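No value in this document is a laboratory result; all are computed from the given coordinates. Just so you know, these numbers come straight off a predicted model, no measurement behind them. Here the Cβ positions follow ideal geometry from the backbone for every residue, glycine too, while neighbour counts run over all protein chains shown.
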Amino acid sequence: MELKEFFRENPRAAVAFSGGVDSSYLLYAAMRWGKDVRAYYVKSAFQPEFERVDALRLAGELNAPLRVLELDVLACPEVTANPPDRCYHCKKRVFGAIAAAAGEDGFSLLLDGTNASDEENDRPGMRALRELSVRSPLRECGLTKPEIRRLSKEAGLFTWDKPAYACLATRIETGDTITAEKLAATEAAEGYLMSLGFRDLRVRLRNGAAVIQVRKEQLPLVLEHREAILNGLSKYYAHTVLDLAVRES
């Protein structure tokens, strides 16, 4: 099935929208081929501010109706305890909130941006999507990440080359309690490094230390800004180290 055909068969839909590559293209397709569409963005402590800004911008450029929901994910003990299946508990609440809001607005079909490149074993949150009957048109239509980037570029979406950005909670080791302070430190540290020219990076928390992961091509930038990085991150972490394994995906 092609995406165009999917929306011909399902013209009324609510779209779980994060402002990332996949959900942005899904919203574009829904607005182009659907008939009655509304996007839902969930604002929580797990999303950095730039994601909300990107979501608002993209929705505005597409003239897509957007409803922003606020959710206190830190009020859920199953999430803050940070167990191996944290993503399941979080997704269950996030998509449950979207489904409830969409139901209030008259939508019975909820869509998300999972694509054909996403391995289910790597995404425990998919169980929550199944339980809530969320459909994933990009995956159903066999669209992979590279294809979605290509189609997004052709469509003129500014998100086409946006780096993948997992939620802030992924920077904290499994079993390490998630707190607002740790999340704020992560967002501030990554934002600071982005201001120095880094792209597609992670600052992970390990025993009180910041572990920086960057792409191989940006390793020279670490040495160039070594002092600035140490000074900037010392506000949030006891130590700062570089992961020489670098980011591959």
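Relative contact order of the chain, please, whole-number percent, based on alpha carbon pairs below 8 angstrom and at least 6 residues apart. Before the final figure, lay out the partial values.
Numbers: 403 pairs, mean separation 44.5, N = 249.
Dividing the mean separation by the residue count of the chain yields 18 percent.
Between helix 86-104 and the chain there is an angle of about 40 degrees, using the helix long axis and the longest principal axis of the Cα atoms. Of all beta bridges that DSSP places with both ends in the chain, some 20 percent have antiparallel geometry.
Report the relative contact order of the stretch 86-216, percent, no decimals, based on alpha-carbon pairs under 8 angstrom and at least 6 residues apart.
Numbers: 127 pairs, mean separation 22.1, N = 131.
Computed value for the stretch 86-216: 17 percent relative contact order.
Please tell me the relative contact order of the stretch 82-139 in percent, rounded to the nearest whole number, where contacts are Cα pairs under 8 Å and at least six residues apart. Intermediate values should be presented prior to the final figure.
On the way: 57 pairs, mean separation 27.4, N = 58.
Relative contact order for the stretch 82-139 comes out at 47 percent.
Which residue fluctuates most in the GNM of the chain (Cα springs below 10 Å): G34, G191, G60? Ranking G34, G191, G60 by mean-square fluctuation puts G60 first.
In the stretch 131-229, what GluC sites (Glu not before Pro) fall in a loop by DSSP, with at most 15 other Cβ atoms inside 10 Å? Display every interim value, and only then the final one.
Details: sites: E131, E140, E147, E154, E173, E181, E187, E190, E217, E224, E227; in loops: E173.
Loop-located and lightly packed - E173.
Residue exposure proxy: D161, D54, ordered by other Cβ atoms within 10 angstrom of their Cβ from fewest to most, comes out as D161, D54. Solvent-free Debye calculation, one equal scatterer per alpha-carbon of the chain: log10 I(q)/I(0) at 0.10, 0.11, 0.13 Å⁻¹ equals -0.51, -0.61, -0.85.
From least to most packed, judged by other beta carbons within 10 angstrom and beginning with the fewest, M194, M126 follow the order M194, M126. Helical content alone sets the calculated 222 nm signal of the chain at -12500 deg cm²/dmol, taking -39,500 (n - 2.57) per DSSP H segment of four or more residues and averaging over every residue. When you filter the GluC sites (Glu not before Pro) in the stretch 1-67 for DSSP loop state and at most 14 other Cβ atoms inside 10 Å of their Cβ, you are left with E2. Computed over neighbours whose Cβ is under 11 Å from that of E131, the net charge equals +4, Lys and Arg +1, Asp and Glu -1.
Over the stretch 1-102, the hull volume per residue, using the convex hull of the C-alpha atoms, is 107 Å³.
Taking the number of other C-beta atoms within 10 Å as the exposure measure, put L242, L62 in order starting with the fewest.
Numbers: L242 16, L62 19.
So the ranking, lowest neighbour count to highest, is L242, L62.
Couplings 3J(HN,Hα) of the stretch 4-13, computed from phi: 4, 5, 4, 6, 5, 7, 10, x, 10, 7 Hz, in residue order, whole Hz [Karplus 6.51 cos²θ - 1.76 cosθ + 1.60, θ = phi - 60°; x for Gly and Pro]. For the residue pairs K182/K235; K43/K235; K35/K153; K43/K92, alpha carbon separations beyond 18 Å are given by K43/K235; K35/K153.
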